[in-house]
Each structure stands twice: as C-alpha cells, then as structure tokens.
Amino acid sequence: MNGGGAVRARPADGRWHFQHGPIDLVIGVDGEPAAVGPALESAWARFAGVLDELVGELALLRAPCAPTACGASPHGPVARRMAQACRPYAERFGLFVTPMAAVAGSVAQEIVAHFERPGIRRARVNNGGDIALWLAQGASVAVGVVCDLAAPSIDARLRIGGTDALRGIATSGWRGRSFSLGVADAVTVLAETAAMADAAATMIANAVDIDHPAVRRAPASMLRDDTDLGERRVTVAVGALPPDAVRESLDRGARFARRCIDEGLVAQAMLSLQGRSRIVADHRIEALAPA
C-alpha cells in the first residue's frame, strides 16, 4: 500500500512494516482489534508526512547545537524533539552534536504516540534499532540485546513494565548504519523517551574511544557527501585491540555514561567492545549480561 511515496506491508509474523525513503519502521502492536485498527491507520496517516517535514528543515537539523541553543528552533514536532534531545550534550558537556543524532528515535516516538489509547496493551516501533514503546498498566516487554552483529546472540536481557518510566531503547556503535566517532561495537541505552535514548547512545558510543594503530578513521565528508559531521574523522575499521586498550575504551565510555545518568539523560547503558561489556545503571531495571 502507498501513501505519497510511503509504503506499508504486513509480513507473515504479524508485525507491520512502514517505509519511506531512509525511514524504515517495524511495528508490533497488541490489543483489542477494535482499537488496533484505528491506531494503525492513525499512525500510517502521520507517517506518510514525516519525511517531507524533516527534509524541509534539513539545513537546521544538520547544524551543530551551540552551547546555549541548537541554532534557530525547528518548527515540526519531530524536528523539535530531535533538537531537545541533543541540546543537553552541547549545553552541559560542550560536545559537538547536531539534532540528527536523535532522528531515528524521534521518528519512532512520533509514531508510537498513535497507539497510546484505550484498548492497546502494548506497542513497539523499531526504527533501525531505535525503539519507542507504549505499555498500558500491567503490560511489559522483554528485550534482548545483541552486542556483535557479526556473531549475533542474546548477550543481555531486560524487562520494561508498564509502571517503569522508561519508554526508549537505542543502540549505536561504529558498526551501525550511522557514523561514530568512537570504537564501541555497540552501546545500548535505556531512557525516558526514544529520542533521548537515540541521542545518548550516539554520544556514549562516541566516548568509547582510544587512539590506537588498529583503529582506522576517515573524514565523514569523504564517505558521505550529505553527512552532518563535516570533516570530523569517523571510525571505519577497528582491528584487534589489546586488553588494556579495550579496558581503557570502556572505562572512558562508562565514565561519560555515568555523567549522563547523573544528569537525568539516561537510565542505563550497556557498552560492548570486542567481547567485553560494561553495564552502567541506576538499577531501576534488571539486566543480565556476560562479565
């Protein structure tokens, strides 16, 4: 089915697939059929216009957030959410970031809002690994975390319930579809919203870093002409690192993740690099992971 360039389909597993240009959503929803149908139609109607809205403000969204503000304020709800999620990293930490660091989570969050209605027990909107959740009272969702896409397995498990404040999960790292300044294989973050989780995962993954001959980098602009990172050198390959380099990289990322938790930007983070993992958490949600 087509909605002005957007397409949707329902695979055999019962989930829905919404796609428009680079936006690729997988949606799971459980609830009463009388509520699910209208919620899906509402989500679809909103989804069809999201990409054009973002393209219309792309220049603003690729501009760096300043220490006091993200330049001119975007107008659309998704764009505003992107800027709000990223601004703290410039204001509180003085880091380079553009609103694009939260685009996937912000889109997922915009769409999941259409399932927040009576009769819907739970809904999950997954935008390339950045996930927005809706959970009614008494509902819960179990999440498996994969640390290495080259050797996929469930490396950690967590459960989010309807009474938990957390509604966003995001993963970032140098192996992902977006550029990273760091060397993490994966950083998975839990936060109050998907937009906040997306921004935090990006920034914490950047902090899992080390200078080492095994790490190859290149200017982002040489790899993609539409990048928001300009001439900043992004990671293109990470060879085998010695144990002390892995430990130092994870230490750096864990220290920054703890600062993010203390600032209320994130609730929990799992950092993974070459078979080693680190969990930084406020313990509101139990997670199991290898040592």
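A few points about this structure:
- Those strands (runs of 3 or more DSSP E) of the range 1-50 in which at least 3 residues are modelled with pLDDT of 95 or more, surrounded by 14 or more Cβ atoms within 10 Å (Cβ to Cβ) and out of contact with any Asp or Glu (no Cβ under 6 Å at 6 or more places or on another chain), considering only elements entirely within it, cover 16-20, 23-31.
- Residues of the range 163-193 classified as aromatic (F, W, Y) and free of Cβ contacts under 8 Å to residues at least 60 places away in the same chain, total: 1
- The condition of being in contact with a helix residue (DSSP H, G or I) (Cβ under 9 Å, 6 or more places away or on another chain), part of a loop (DSSP other than H, G, I, E, B) and among the hydroxyl-bearing types (S, T, Y) holds for only one of T202, T227, that being T227.
- Within the range 9-31, residues that are of a type in the set (S, T, N, Q) have Cβ atoms under 7 Å from residues that are surrounded by fewer than 16 Cβ atoms within 10 Å (Cβ to Cβ) in these pairs: Q19/V7, counting only partners at least 6 apart in sequence or on another chain.
- Condition met for A220 (under 21 Å from the mean Cα position of the chain (by Cα), at pLDDT 95 or above and closer than 30 Å to Q84 by Cβ): no
- Conditions (1) part of a loop (DSSP other than H, G, I, E, B); (2) surrounded by 18 or more Cβ atoms within 10 Å (Cβ to Cβ); (3) hydrophobic (A, V, I, L, M, F, W, C); number of the one not met by A63: (2)
- Looking only at the range 39-48, and only at residues there that are touching a residue at least 40 places away in the same chain (Cβ under 8 Å) and not hydrophobic (A, V, I, L, M, F, W, C), the one that is farthest from P88 (Cα to Cα): S42
- Residue tally, condition closer than 12 Å to D211 by Cα and touching a strand residue (DSSP E or B) at 6+ places or on another chain (Cβ under 6 Å), over the range 235-245: 2
- M196 touching a residue at least 24 places away in the same chain (Cβ under 8 Å), in contact with a Leu (Cβ under 7 Å, 6 or more places away or on another chain) and under 24 Å from R124 (Cβ atoms): yes
- Scanning the range 53-80 for residues that are in contact (Cβ under 8 Å) with a residue 40 or more places away in the chain and closer than 17 Å to I111 by Cα yields one hit, L54.
- Look at (1) in contact (Cβ under 8 Å) with a residue 60 or more places away in the chain; (2) more than 19 Å from the chain's Cα centre (by Cα) and you find that V107 fails only one, number (2).
Per-residue answers, yes or no, for (1) buried (at least 24 other Cβ atoms within 10 Å of the Cβ); (2) among the aromatic types (F, W, Y); (3) at pLDDT 95 or above:
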site: P99; (1), (2), (3): yes, no, yes
site: V112; (1), (2), (3): yes, no, yes
site: S153; (1), (2), (3): no, no, no
site: T171; (1), (2), (3): yes, no, no
site: L190; (1), (2), (3): yes, no, no
site: A201; (1), (2), (3): yes, no, yes
site: P213; (1), (2), (3): no, no, yes
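- Top-ranked residue in the range 220-251 [being farther than 18 Å from G173 by Cβ and of a type outside the set (D, E); ranked as surrounded by the most Cβ atoms within 10 Å (Cβ to Cβ)]: S221
- Contact annotation: residue pairs with Cβ atoms under 7 Å, 6 or more positions apart or on different chains, pairing a residue in the range 243-264 that is in contact (Cβ under 8 Å) with a residue 12 or more places away in the chain and of a type in the set (S, T, N, Q) with a partner that is outside any helix (DSSP H, G or I) and crowded, with 18+ Cβ neighbours inside 10 Å, are S249/V183; S249/V208; S249/D209; S249/I210; S249/L273.
The values are calculated or read from the model by the stated rules, or taken from the named source; none is laboratory data. Note that the structure is predicted; figures quoted are calculated from it, not measured. Don't worry about glycine lacking a Cβ; one is built from the backbone with ideal geometry, like all the others, and counts go over all protein chains shown.
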